[in-house]
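Trainee: Let me begin by handing over the structure; questions about it come next.
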Amino acid sequence: MSTEQDEPTAETTTDADEAPAQTPGDRRREEKQARMQVTERERAEAAAAADETVQLKVFRFDPEVPEKEEPRFDDFHVPYVQGMTVLDALIYARDEFDSSLTFRHSCRQAVCGSDALFINGSQRLACKTQLSALDAPVRVEPLPHQDVVKDLVVDMEHFYDQMEAVEPYMQSEEFPEGELEEQRQSPENREKIKMSTRCIWCGACMSSCNIAAGDNEYLGPAAINKAYRFAMDEREEDDIKEHRMRIMEQEHGVWRCQTQFSCTEVCPKDIPLTEHIQELKREAVKSNLKFW
Amino acid sequence: MTVHEHDVIVVGAGGAGLRAAIAAHEEGADVAMVSKLHPVRSHTGAAEGGINAALREGDDWELHAYDTMKGSDYLGDAAAVETLAQDAPQEVIDLEHWGMPFSREEDGTVSQRPFGGLSFARTTYAGAETGHHMLHTMYEQVVKRGIQVYDEWYVTRLATTDHDDPADRECTGVVGYELRTGEVAGFKARNGVVLATGGPGQAFDHTTNAVSCTGDGQAMAYRAGVPLEDMEFVQFHPTTLPSTGVLISEGVRGEGGILYNSEGERFMFEHGYANNEGELASRDVVSRAELTEVNAGRGVEDEYVYLDMRHLGEERISDRLENIVHLAEDFEGVNAYEEPMPVKPGQHYEMGGIETNENGATLIDGLYAAGECACASVHGANRLGGNALPELLVFGARAGRHAAASDRADAKLETGRTDESEPEENLDAPVEPGAVDATGGDTAADGGAVASGDVLEGAVAQERQRIEGMLERDDGVNHADIRAEVQHTMTENVNVFREKEGIKKALRDIREARKRYQEVAVSDPSRTYNTDLIHTIETRNIIDVAETIALGALARTEFRGAHWRAEHQERKDDEWLKHTLVSWEGGRPDLWYKPVDLQGENKVYEPKERSY
C-alpha cells in the first residue's frame with residue numbers, strides 16, 4: 001500500500017518556531033483548546049441564529065455523583081427546528097451542553113420502546129412526541145412508579161418479570177404433518193390479535209396504572225395484553241387457553257383492573273389495553289361457568 | 001475478577017443473536033446472550049418489509065438463489081447464496097410454529113408479496129412490521145427455553161490469543177461492561193463466541209439505523225485479526241423520510257406505490273432507469289435514479305422525490321401498510337392516505353462485514369459471526385429487499401449450531417488468506433490509515449490480542465485499564481464532536497455517488513478524527529449507567545469501520561451494485577470479480593482480495609448484465 005506522508009502542518013512548524021520547548025502534549029492541548037473555543041462560539045451563534053429556543057426542565061439524579069445525589073431539575077435551552085421531537089431535544093442537550101445527561105434511546109422511530117418518559121405529566125415516547133405539541137417549559141421526568149437508576153433511566157426489571165410471568169410464548173403442540181407446512185390461521189383471527197402484537201414493552205402503561213402502583217404483584221396491562229395475544233390466537237389448543245386463563249384469574253391478574261383506561265390512553269401503539277383486559281375477564285367467567 | 005462461564009456466548013440479541021442462541025440451546029449447549037440493549041430493543045425490530053423464502057408451488061430455492069446472485073451483481077458467493085435459499089423455507093416455518101403473526105391469505109396460509117429484484121412473489125411478512133414480530137417471537141422462545149440474557153452489558157473486546165498469524169488465534173471469550181454498575185467482567189466461552197452485533201449505520205448521518213448500530217462486533221473482530229470483507233458495499237435505501245432517515249418499507253412499492261419527481265413524472269419509467277421493473281428495480285438502481293432526478297433539478301425542494309400510495313385505497317393500506325401511515329404522520333407530519341410521502345435515499349445496510357464461511361465461522365477458532373455484522377457473502381455488492389431477515393435466521397442458526405457442537409461440518413468457503421488471495425499494492429491513500437500510534441510490527445497492538453497468561457483475564461485487565469483511562473482523563477474532546485465529523489464526511493463523500501477525491505477527503509477526515517480521539521475524555525465521572533462512556537467506546541468502533549468502508553471504496557475502481565464510482569462507470573468482471581478484504585495488522589489496515597465463488601451446486605452463475 002503506498003501512501004502519501006501525513007502532511008506536516010503549518011501549525012506544527014509555527015509552534016516549534018515560537019515555543020521550542022513545547023512538548024507534543026502541550027501542542028495537542030493547545031490545539032484542542034482552540035478547537036473547543038471555536039466549537040463553543042459556533043454553538044452560541046447557532047443558538048442566537050435560531051428563531052426560538054425551547055426550554056426543557058429535565059430531572060437529574062445520580063446516586064454516585066455528590067452534586068446529583070439530591071434529585072433536581074436542570075434547565076436546557078435548545079434551539080428549536082421544525083419537526084423537533086423531545087428525543088431530538090434531549091440528544092441536543094446531551095451532545096452540546098452536558099454529556100452526562102442520561103436516557104435510553106435507540107431506534108428513533110417508536111419501535112424499540114426504550115424512551116418512554118414522563119413528559120409534561122404524561123407517559124409518552126420521547127421520539128414520537130413533537131415539541132410543537134407541548135406547552136413550554138417541557139418537563140421531562142423518568143417514568144413514575146419505577147426506581148430511578150440515573151436521570152431519566154428507570155429500573156425495568158420488575159416490568160420484565162411481569163411480562164415473563166405470563167408464559168409469553170406459543171405453546172401450541174399440534175403441527176401440520178406436511179414438510180414445510182405452516183399452521184393455518186384465518187385472516188380474521190390474525191386481525192383479532194393484531195393490535196395486541198404491537199406492544200413494544202415500553203412500560204408506559206404500567207407506569208400510568210394506579211393499581212400497579214399500589215399492588216406490586218399486579219401483572220399489569222402489558223403482561224395481560226401479552227397473555228391476550230396468545231389466549232386469542234386460534235393456533236393454540238383449548239387446554240392451553242384454559243391454562244392461560246388460570247394465570248389471568250389469579251389474585252394479581254385481570255380482576256385487579258378497575259377499568260380506569262389510563263393504560264389505553266398512554267399506549268404509544270394505540271393498543272386497546274383495557275378492552276383486552278375486559279375481554280379476558282369475560283372469557284374467565286365463561287370458562288368458569290363451563291366447569292360448573 | 002468475575003468470570004461468567006458458558007458453552008456458547010452470543011454477543012448481541014437482535015434477530016441473528018436470538019436465532020443463534022436458540023440453535024445452540026437446541027444442540028444442548030449452555031448458552032448465554034450478552035447485549036448492550038435488552039433484546040426487544042434491538043434494531044431487527046425496525047425491519048419492515050419481509051422475509052424471502054421459496055415456499056410455494058412454482059417457486060424454488062434455485063430461483064431465489066438466482067435472484068440473489070443477480071441482485072448481488074455477481075459478488076455473492078454461491079455456497080452462501082444457495083445455503084440462504086435452501087434453508088430459508090424451513091426457518092420461516094419454524095418461526096411460524098413459534099407463533100410469528102404473519103399476514104395471512106383467506107385459506108390461512110402465510111401471505112407473500114412481490115419485492116424488488118425477485119422473480120416470484122416470495123416475501124413473507126407481518127404487516128409492515130415484520131422485524132418487530134420476528135424479534136419478539138424469537139425473544140419469546142429465548143424466554144421459554146430459559147436462556148440466560150445479560151442485558152445492558154456492553155461487550156467491548158474479544159479475548160483472543162496473540163499468535164502472529166490470525167489463522168492460528170483462538171477466541172476464548174469476551175469482556176463486558178455492565179451499564180448499571182460499571183463492572184467489567186469476563187465471559188468465558190467453552191465452545192464458541194457468536195458475534196451478532198448488527199451493522200455500522202452510525203458511520204453515516206442520514207441512516208435508517210438505530211443509534212446503537214455502531215459496528216461494535218465488526219470493529220472488535222477486525223482488531224482481533226479477522227478480515228472485514230466488501231465493506232465498500234453500503235446499501236442506501238431509496239425510500240427514507242428526509243428529516244429523520246426513518247425507513248419507509250419497500251413493501252409500499254411492492255404493493256404498488258409509485259415514485260414521482262417534482263414534474264409529476266413517473267421517472268423510473270419516463271426517464272428510463274428501469275423500463276421493466278420500474279419502482280421495483282433493485283434498491284441501488286432506485287436510489288441512484290432518485291438522486292439523478294434531484295441533481296437534474298427535478299427534485300422537490302432540491303432534496304427528495306415523492307412516494308405515492310394513495311391509489312391503493314384505504315382498505316389495502318390499512319391492511320398491509322398501516323405502520324407506514326403512522327411513521328409518515330409521526331416523523332414527517334404527512335397524511336399518507338391523502339398526500340404523497342417525501343422520500344430520499346438513506347444509509348440502510350452494510351453488505352460487507354466480518355468474513356465468515358457458510359457456517360458462520362471466522363478465521364479465528366471459536367469465533368463466529370452472523371447477521372448484518374457478518375459477510376458470508378450472501379449480498380455481494382447489493383442486498384435484495386427481504387433477504388436480510390432470512391440471512392439472520394439461516395446464518396444465525398448455523399453459527400449457533402456450529403458454535404455449540406463439537407463436530408463441525410466442513411464448509412465450502414474458505415476464510416483468511418489462501419493461495420488464491422492477492423495483495424493490493426497500488427492503493428493511492430492520501431494518509432496513512434490505521435491507529436495513530438500503530439507500531440507496524442506488533443500484532444498484539446491495540447486491543448486485538450493478549451500476550452501472556454490467561455487470555456480472558458488479561459483481556460479483562462486491559463479493558464479495565466482502558467476504561468479507567470477514559471474516565472480519569474479530566475478534560476478533552478467530546479466523543480459526540482468526533483462522531484459527528486466522521487458521520488458528516490462519510491455521508492458527504494462515501495455516499496450513493498462516489499468519486500476519488502471525495503473518498504480521499506473522507507480518509508483524511510477519518511485520520512483527523514483518529515488524532516482527536518487520542519484526546520477523547522468522558523466527562524461523566526459516574527460508574528452508574530454511564531452512556532457517555534459507552535458512546536465514547538462506540539465512537540472508536542465507528543472510526544475503525546468507517547475507515548474500512550472508505551478504503552474499500554477507494555480501492556475498487558469499478559461500478560458494481562451499490563458501489564458507484566464517477567471515474568469508473570462500468571462493472572469490470574475481468575479485474576474485479578473478487579472480494580475486498582481489510583485486515584488489521586499491527587494497527588494498520590492491509591488490503592487484499594479473494595475470488596468470488598460462482599460455482600453453484602447445479603450450475604455456474606455466469607455474470608450477466610444486470611437490468612431491471
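Trainee: Take each of the peptides A:54-61, B:280-287, A:178-185, average the number of other beta-carbon atoms within 10 Å over its residues, and list them starting from the highest.
Mentor: Values: A:54-61: 19.2, B:280-287: 25.9, A:178-185: 15.2.
Packing order, densest peptide first, comes out as B:280-287, A:54-61, A:178-185.
Trainee: Counting pairwise Cα distances across chain B, what percent come out greater than 44 angstrom?
Mentor: It works out to 12 percent of all Cα pairs.
Trainee: Ok, one more. HN-Hα J couplings of region B:497-509 from phi, Karplus 6.51/-1.76/1.60, θ = phi - 60°, integer Hz, Gly and Pro as x?
Mentor: 9, 10, 9, 3, 5, x, 5, 5, 4, 4, 5, 5, 5
Trainee: Right, next: If you fit an axis through the alpha-carbon atoms of helix B:531-555 and take the longest principal axis of the Cα set of chain B, what angle between them do you get, 0 to 90°, nearest 10?
Mentor: Compared with the principal axis, the helix lies near 70 degrees.
Trainee: Percent relative contact order of region B:1-90, based on C-alpha pairs within less than 8 angstrom and at least six residues apart? Each step should come with its number before you reach the end.
Mentor: Values: 82 pairs, mean separation 20.6, N = 90.
For region B:1-90, the relative contact order is 23 percent.
Trainee: Which residue, chosen from B:G297, B:Q347, B:A328, occupies the Cα position most advanced towards the positive end of the dipole of region B:297-360, where the dipole is computed from +1 (Lys, Arg) and -1 (Asp, Glu) charges on Cβ about the Cα centre?
Mentor: B:G297
Trainee: For the residue pair A:S122 and A:Q278, what label-to-label distance in nm results when each label sits 7 Å from Cα along the Cα-to-beta-carbon direction?
Mentor: Taking the two extended label points, one gets 2.1 nm.
Trainee: Let me ask another. Roughly what % of DSSP beta bridges within region A:53-153 run antiparallel, to the nearest 5? If you can, show how the numbers build up before the last one.
Mentor: Values: 16 of 19 bridges.
Looking only at bridges with both residues in region A:53-153, the antiparallel portion is about 85 percent.
Trainee: B:Q148 versus B:E315, label points 7 Å from Cα toward the beta carbon: distance in nm?
Mentor: Between B:Q148 and B:E315, the simple spin-label model gives 5.4 nm.
Trainee: According to a simple spin-label model (label point 7 Å from Cα along Cα-to-Cβ), what is the distance in nm between A:S132 and B:E567?
Mentor: The modelled label-to-label distance comes out at 4.5 nm.
Trainee: Using alpha carbons only, how many angstrom separate the centre of region A:82-119 from the centre of region B:561-600?
Mentor: About 39 Å separates the Cα centre of region A:82-119 from the one of region B:561-600.
Trainee: Please give the peptides B:42-54, B:8-20 ranked by average Cβ packing (other Cβ atoms within 10 Å per residue), highest first, as a rough proxy for protection.
Mentor: On the way: B:42-54: 28.1, B:8-20: 33.5.
Those peptides, ordered most packed to least, come out B:8-20, B:42-54.
Trainee: Return the unpartnered cysteines for the protein assembly as shown, using a Cβ-Cβ cut-off of under 4.7 Å.
Mentor: Among the cysteines of the protein assembly as shown, those whose Cβ sits 4.7 Å or more from every other are A:C127, A:C199, A:C202, A:C209, A:C257, A:C267, B:C171, B:C213, B:C373, B:C375.
Trainee: Additional query: Any lysines with Cα under 19 Å of the B:K144 Cα? List them, leaving off those in the same chain fewer than 8 positions away.
Mentor: Filter leaves A:K226, A:K241.
Trainee: Express the relative contact order of region A:53-153 as a whole percentage, based on alpha carbon pairs under 8 Å and six or more residues apart in sequence. If you can, show how the numbers build up before the last one.
Mentor: On the way: 183 pairs, mean separation 33.9, N = 101.
Relative CO of region A:53-153 lands at 34 percent.
Trainee: Enter the angle in degrees (range 0 to 90, nearest 10) between the Cα long axis of helix B:388-404 and the first principal axis of the Cα atoms of chain B, meaning the one along which they spread out most.
Mentor: Around 30 degrees separate the two axes.
Trainee: May I ask for the angle, rounded to the nearest 10°, between helix B:479-493 and the longest principal axis of chain B, with both axes built from Cα atoms and the value confined to 0 to 90°?
Mentor: With both axes taken from Cα atoms, the answer is about 40 degrees.
Trainee: Normalised by the residues of chain B, what does the relative contact order come to in percent, with Cα pairs under 8 Å and at least six apart? It would help to have the intermediate numbers written out before the result.
Mentor: Details: 1536 pairs, mean separation 134.7, N = 612.
Reported relative contact order: 22 percent.
Trainee: Of the trypsin sites (Lys or Arg not before Pro) in region B:386-435, which ones lie in a loop per DSSP and count no more than 14 other C-beta atoms within 10 Å? Each step should come with its number before you reach the end.
Mentor: Values: sites: B:R398, B:R401, B:R408, B:K412, B:R417; in loops: B:R408, B:K412, B:R417.
Hits after loop and neighbour filter: B:R408.
Trainee: Cα gyration tensor of the protein assembly as shown, axes a ≥ b ≥ c as square roots of the eigenvalues: rounded (a/c below 1.5), prolate (a/b > b/c) or oblate?
Mentor: Details: a/c = 1.36, a/b = 1.17, b/c = 1.16.
Rounded.
Trainee: How much of the DSSP beta bridge set in the protein assembly as shown is antiparallel, as a percent to the nearest 5? Don't skip to the answer; put the middle values down first.
Mentor: On the way: 65 of 95 bridges.
Looking only at bridges with both residues in the protein assembly as shown, the antiparallel portion is about 70 percent.
Trainee: Loop only per DSSP, at most 12 neighbouring Cβ atoms within 10 Å: give me the GluC sites (Glu not before Pro) in region A:219-255, ordered by residue number.
Mentor: Working: sites: A:E234, A:E236, A:E237, A:E242, A:E249, A:E251; in loops: A:E234, A:E236, A:E237, A:E251.
Answer in residue order: A:E251.
Trainee: Between region B:242-307 and region B:534-550, what is the C-alpha centre distance in whole Å?
Mentor: 31
Trainee: Follow-up question, since we're still on this one. Hey, how many Å between the Cα centroid of region B:83-143 and the Cα centroid of region B:455-483?
Mentor: 42
Trainee: Rounded to the nearest 5, what % of DSSP beta bridges with both residues in chain B are antiparallel? List each step's numbers first, then the result.
Mentor: Numbers: 48 of 73 bridges.
The antiparallel fraction comes to roughly 65 percent.
Trainee: At a Cα cut-off below 19 Å, give the lysines reachable from B:K70, other chains included and same-chain residues fewer than 8 away excluded.
Mentor: Filter leaves B:K572, B:K578, B:K603, B:K608.
Trainee: Go through region B:73-175 and name the GluC sites (Glu not before Pro) that are in a DSSP coil and have 11 or fewer other Cβ atoms within 10 Å of their Cβ. Write out the running numbers ahead of the final one.
Mentor: Details: sites: B:E82, B:E91, B:E96, B:E105, B:E106, B:E129, B:E140, B:E152, B:E170; in loops: B:E105, B:E106, B:E129, B:E152.
Taking region B:73-175 and a limit of 11 other Cβ atoms within 10 Å, the loop GluC sites (Glu not before Pro) found are B:E106.
Trainee: Something else: Can you classify region B:235-348 as rounded, prolate or oblate using the Cα gyration tensor, where a ≥ b ≥ c are the square roots of its eigenvalues, rounded means a/c under 1.5, and otherwise it's prolate if a/b beats b/c and oblate if not?
Mentor: Numbers: a/c = 1.57, a/b = 1.33, b/c = 1.18.
Prolate, since a/c reaches 1.5 and a/b exceeds b/c.
Trainee: If I take R0 = 51 Å and measure r between the Cβ atoms of A:D270 and B:N276 in this structure, what FRET efficiency does the formula 1/(1 + (r/R0)^6) give, to the nearest 0.05? Mind showing how you got there, number by number?
Mentor: On the way: r = 40 Å, r/R0 = 0.78.
According to the calculation, E is roughly 0.80.
Any read-out appearing in this document is the output of simple, stated calculations on the displayed coordinates, not a laboratory observation. No experiment lies behind these values; they were computed from the predicted model shown. Neighbour counts are summed over all protein chains in view; Cβ atoms, including those assigned to glycine, are modelled from backbone coordinates with ideal geometry.
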